[in-house]
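Just so it is clear, none of the values below were taken in a lab; they were calculated from the coordinates. Everything numeric here is computed off the predicted structure, so don't read it as measured data. Cβ coordinates were reconstructed from backbone atoms using ideal geometry, including for glycine residues, and neighbour counts include every protein chain displayed.
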Amino acid sequence: MSERQNDGKKEQRKRNSAGDERRDIYRNLTLITQFTLYMIVPIGGMSALGYFLDRHFGTSWIIIVCFFVGAIAGGQSIYRLAMKIANEKKEKPEENIINRRKAPENKDDESSEKK
């Protein structure tokens with residue numbers, strides 16, 4: 001094989017590994033955003049509901065109860081999402097970052113050494 005083809009294959013491998021790393025980063029950022037939204041939305045919504053109920057009934061404790069109900073609902077949503085992700089990793093361990101094996105950079109060089 002010519003040296004130009006070897007360089008092309010090496011560049012392709014580097015691009016593929018960089019793409020995998022970028023994909024992992026984007027997936028992690030997406031998960032962080034999902035976790036944040038899964039907590040903020042129920043807590044904010046229930047707190048707003050509690051605030052309006054407190055104003056309507058002239059009380060001051062409903063907002064506290066609604067806040068905790070929202071926190072429990074958000075925690076439950078995060079737990080479900082985390083369990084879904086954990087189950088996906090069990091089903092496809094080859095896609096797990098920890099289990100992914102790095103390919104040797106110089107496959108062609110190793111095969112020529114064996115000959």
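About its Cα centre, the dipole of the range 28-94 is roughly 100 debye, where the only charges are +1 on Lys and Arg Cβ and -1 on Asp and Glu Cβ.
For the range 20-32, 3J(HN,Hα) computed residue by residue from phi via the Karplus equation (6.51, -1.76, 1.60; θ = phi - 60°) reads 5, 5, 5, 4, 5, 5, 5, 5, 5, 5, 5, 5, 4 Hz, glycine and proline entered as x.
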